[in-house]
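Notes for the one structure printed next.
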Amino acid sequence: MTWKSRLPLIVESAIPLSLCGALTDHVKNHTARPRTYRGVIDESLRKSEYVEIPVHLQEAVISHCAAHIRSHFEIAPKCIPTQPAVVYRYGPGVGFVAHHDEVTDIERERARTNGQPVVGGDLTLVVCLNTPDSYGGGELFFENPAQEIKPSCGTLVAFPATRDHIHGVRPITRGERVTLVVRVDAECL
């Protein structure tokens, strides 16, 4: 089995609450922008805003996650210096329809004109930055095999950014769901 076919990794308390707080403080002090899906803002497919995260916070997150990733996927996560990590804020609405994280040519082309970051890479790291009771709905789901989770603050969910890992966010019914997304490249051990 290659790392690309492994099931998602879920690690509670992978990120210390102090780092979650630093990420949340950064988001509060910066203006969020609407986020696209495949380069188009369409709130019937995705209703979220994002804030880019500075490199030092991104590196701190990767540092805390590296041992877990090495153990589960048998690869070393490698930072992609040309693209930012982002925090997504999902308010009440659709969440995010089922999708894969493999970057498409359409997304790259649209990003040249719309100012949206292209967030590519081999592996997607999602870190929950607020408590599951602070919002209704908003579960992270995977289609195959079917899995639905509503992680606690500081939980890492990591999975290959391939077409085989279809996932999404259930509609948010109240409050705000806040997650960090970091993409990394895989370096063989």
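Using only Cα positions of the chain, each an equal point scatterer, no hydration layer, compute I(q)/I(0) via Debye at q = 0.15, 0.17 Å⁻¹ and quote the log10 values to two decimals. With no solvent term, the Cα-only Debye profile gives -0.86, -1.16.
Starting from the Cα-Cα distance between R70 and D133, subtract it from 0.36 nm times their residue separation and give me the gain in nm to one decimal.
Values: separation 63, 0.36 × 63 = 22.68 nm, distance 3.08 nm.
So the chain would gain 19.6 nm between R70 and D133.
Count charges around P84 for me, please; just the other residues with Cβ under 11 Å from its Cβ, Lys/Arg as +1, Asp/Glu as -1.
Working: positive: R183; negative: E52.
Overall, the nearby charge balance is 0.
Computed from the Cβ-Cβ distance with R0 of 30 Å, the FRET efficiency linking K78 to I41 stands at 0.45. Taking every alpha-carbon pair under 8 Å whose residues sit at least 6 apart, region 46-103 reaches a relative contact order of 57 percent. Here the dipole of the chain is about 280 debye; that uses its Cα centre as origin and unit charges on the Cβ of Lys and Arg (positive) and Asp and Glu (negative). Using a simple spin-label model with pseudo-atoms 7 Å out from Cα toward Cβ, H30 and E12 lie 3.0 nm apart.
What number comes out for the charge environment of F159, summing +1 per Lys or Arg and -1 per Asp or Glu over other residues with Cβ under 9 Å away? Walk me through the numbers on the way to the answer.
Details: positive: R6; negative: D101.
Taking every other residue near F159 into account, the sum is 0.
When each of the peptides 173-183, 25-35 is scored by the mean number of other C-beta atoms lying within 10 Å of its residues, the order from highest to lowest reads 173-183, 25-35. Relative contact order, whole percent, for the chain stands at 32, derived from Cα pairs under 8 Å and 6 or more residues apart.
Treat every Asp and Glu Cβ in region 1-107 as -1 and every Lys and Arg Cβ as +1, leave all other atoms uncharged, and give the resulting dipole magnitude about the Cα centre to the nearest 20 debye.
Taking the Cα centre of region 1-107 as origin, the dipole is about 100 debye.
Dipole orientation for region 3-188: of the candidates A158, A85, V61, A85 has the Cα lying most toward the positive pole (charges on Cβ; Lys, Arg +1; Asp, Glu -1).
Coordinate-derived values only; no laboratory data. Bear in mind that the values here come from a model prediction, so they are computed numbers and not experimental data. Cβ atoms come from the backbone with ideal geometry, glycine included; neighbour counts cover every protein chain shown.
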